[in-house]
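Notes for the one structure printed next.
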Amino acid sequence: MRADFIICGDYVLTMNSAMEVVKNGAVAVLNKKIVDVDTSEEILKKYESSEIIKGEGRVILPGLVNTHTHAAMVYFRGLADDLPLKDWLEKHIWPAEARCLSPEFVSDAVELACLEMLKSGTTTFSDMYFFAGNTAQKAKEMGMRAVICSGVVDFPTVSGSNADDYLKQAEMFISEWENDGLIMPGIAAHSAYTCSPETLKKICKLSDKCSVSRQIHSSETEWEVAEIVSRYGKRPVAHLDDTGFFDGHSVAAHCVWVDAQEIDILARKGVGVSHCIESNLKLASGIAPIPQMLKAGVNVSFGTDGAASNNDMNLISEMSTSAKVYKAISKDPTVINAATALRIATIEGAKALGLDDKIGSIEKGKCADLIAVSLKKPHLTPLYNVFSHMVYSLSASDIETVIIDGKILLKDRSFTGKDEDYIFKKADEWSRKIAS
């Protein structure tokens, strides 16, 4: 049988329900889909292809899924560090956005963000920001799979005048992208403190009408919790549940300050929680009760947040940091083991975005979103447990090959699409404008 290409590895980590590992394995790809997964010997017996990517000293795994980003904010990386979230936003980031934000800014910045994510093994990301159409267009041009959410707030910004204006823009954006193969449109409320209950209900109505997901920041800081309790008499998750926000497919980013009752709501309503530990640590927002969420059955995934608060878009780092921090906090080294952390970064992320029937694991019929990792590195030698290495030892620079929708986008760490130097040149030009 014919295959468009075959990719081999010392290990294929399928991340399927059985967490099957195929030693000396291979994946056959045809027409953008995975058509077979087996040992290299069996695959090479059954399939022929003009392109066989050799696998000695390599691990093949599903592409990583980043469930919460503000991709265009990569141009604000390092602009305002070592500050509390409220000061960081109100005194630095929002003024910088007011000065610089434009469709051109977003388009150029998203190219850099996508390049960074690709080179660290992320094949799918979910984004909420302004000028969603520009983000979607550039993500598609870069070859990435993405859920792009058009943002809504109650106050005027450079991209809109009020909530109804943003909602109108969101409906147009969804209409333009609803049938795309790589880009899934959605709608995002910034938060319960920037969107009134009336606005949140309008977002739910539009989301249901268009059959798209909705996303929101929730319970990121103690200040936010106190503010929502002061306004509405309930904590953020309970308040959002009252508005019906969690009645449809939804993702809540952060969820740092949630109590047991709110965790129960998140589990019962099937809310995808995007855990952004490095952003939360850097902004001193706190540490989310992830072990408790996992025990309650909450669908937890990993997000990087924007590079302005992280300061990178490296999901490998999020995975490793999370797996280690909770061991120290709980004084239990078995909490969030390596295999669980890798599941959260792959199939659980896909589930949070409603894409687990397409991506997140290496199984027949799923989209060919794959990454290959080189093991021929001092920090990955020797190898006793492959999951341990992927979580505790792996670096972004170990990602050699990235395939999305059956297309090879990173080969020997070189991007096969746009000129990388041109992307860097544009970033330098923008940084001078922002600094001045």
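The values are calculated or read from the model by the stated rules, or taken from the named source; none is laboratory data. Treat the numbers as computed from the prediction; the structure is a model and nothing was measured. A quick note on method: Cβ atoms are made from the backbone with ideal geometry, for glycine too, and the neighbour counts reach across all protein chains shown.
Values as computed for the structure displayed
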{"item": "Check on ASP87, without any contact (Cβ under 8 Å) to a residue 60 or more places away in the chain, surrounded by fewer than 24 Cβ atoms within 10 Å (Cβ to Cβ), more than 15 Å from ALA3 (Cβ to Cβ) and over 22 Å from the mean Cα position of the chain (by Cα)", "result": "yes"}
{"item": "Search result, residues across segment 19-29 that are touching a residue at least 60 places away in the same chain (Cβ under 8 Å) and surrounded by fewer than 22 Cβ atoms within 10 Å (Cβ to Cβ)", "result": "MET19, VAL21"}
{"item": "Residue match in segment 297-314 (condition: assigned to a helix (DSSP H, G or I), assigned by TED's automatic domain parsing to the domain that holds GLN261, touching a strand residue (DSSP E or B) at 6+ places or on another chain (Cβ under 6 Å) and buried (at least 20 other Cβ atoms within 10 Å of the Cβ))", "result": "no"}
{"item": "Test: ASN16 is touching a residue at least 24 places away in the same chain (Cβ under 8 Å), outside any loop (DSSP other than H, G, I, E, B) and touching a Ser or Thr at 6+ places or on another chain (Cβ under 6 Å)", "result": "no"}
{"item": "Filter result for LYS54 (at pLDDT below 95 and of a type in the set (Lys, Arg))", "result": "yes"}
{"item": "Filter result (in contact with a strand residue (DSSP E or B) (Cβ under 9 Å, 6 or more places away or on another chain) and closer than 30 Å to HIS190 by Cβ) within segment 33-80", "result": "GLY63, LEU64, VAL65, ASN66, THR67, HIS68, THR69, HIS70, ALA71, ALA72, MET73"}
{"item": "Positions within segment 231-283 being over 21 Å from the mean Cα position of the chain (by Cα) and either outside the structural domain of CYS210 (by TED's automatic domain parsing) or small (Gly, Ala, Ser) (or both), in sequence order", "result": "GLY233, ALA238, GLY244, ALA260"}
{"item": "Qualifying position, being under 17 Å from the mean Cα position of the chain (by Cα), over 30 Å from SER388 (Cβ atoms), assigned by TED's automatic domain parsing to the domain that holds CYS276 and crowded, with 24+ Cβ neighbours inside 10 Å, among MET142, MET117, MET128", "result": "MET128"}
{"item": "Residue identified as out of contact with any Pro (no Cβ under 8 Å at 6 or more places or on another chain), in the same structural domain as ASP305 (by TED's automatic domain parsing) and touching a residue at least 40 places away in the same chain (Cβ under 8 Å) among SER107, SER102, SER49", "result": "SER102"}
{"item": "Number of positions in segment 8-18 that are of a type in the set (Gly, Ala, Ser) and either surrounded by fewer than 23 Cβ atoms within 10 Å (Cβ to Cβ) or in contact with a helix residue (DSSP H, G or I) (Cβ under 6 Å, 6 or more places away or on another chain) (or both)", "result": "2"}
{"item": "Any hit, segment 368-390, residues being surrounded by 18 or more Cβ atoms within 10 Å (Cβ to Cβ), out of contact with any strand residue (DSSP E or B) (no Cβ under 7 Å at 6 or more places or on another chain) and in a loop (DSSP other than H, G, I, E, B)", "result": "no"}
{"item": "Residue check for THR199: buried (at least 16 other Cβ atoms within 10 Å of the Cβ), outside any helix (DSSP H, G or I) and not charged (D, E, K, R)", "result": "no"}
{"item": "Qualifying residue in segment 114-127 (condition: in contact with a helix residue (DSSP H, G or I) (Cβ under 9 Å, 6 or more places away or on another chain), assigned to a strand (DSSP E or B) and among the aromatic types (Phe, Trp, Tyr))", "result": "yes"}
{"item": "Condition met for ASN66 (modelled with pLDDT of 95 or more, in a strand (DSSP E or B) and at positive phi)", "result": "no"}
{"item": "Which numbered condition VAL335 misses (of (1) part of a helix (DSSP H, G or I); (2) farther than 19 Å from GLY121 by Cβ; (3) touching a Phe, Trp or Tyr at 6+ places or on another chain (Cβ under 7 Å))", "result": "(1)"}
{"item": "Residues (of a type in the set (Gly, Ala, Ser) and closer than 20 Å to LEU353 by Cα) located in segment 252-269", "result": "ALA252, ALA253, ALA267"}
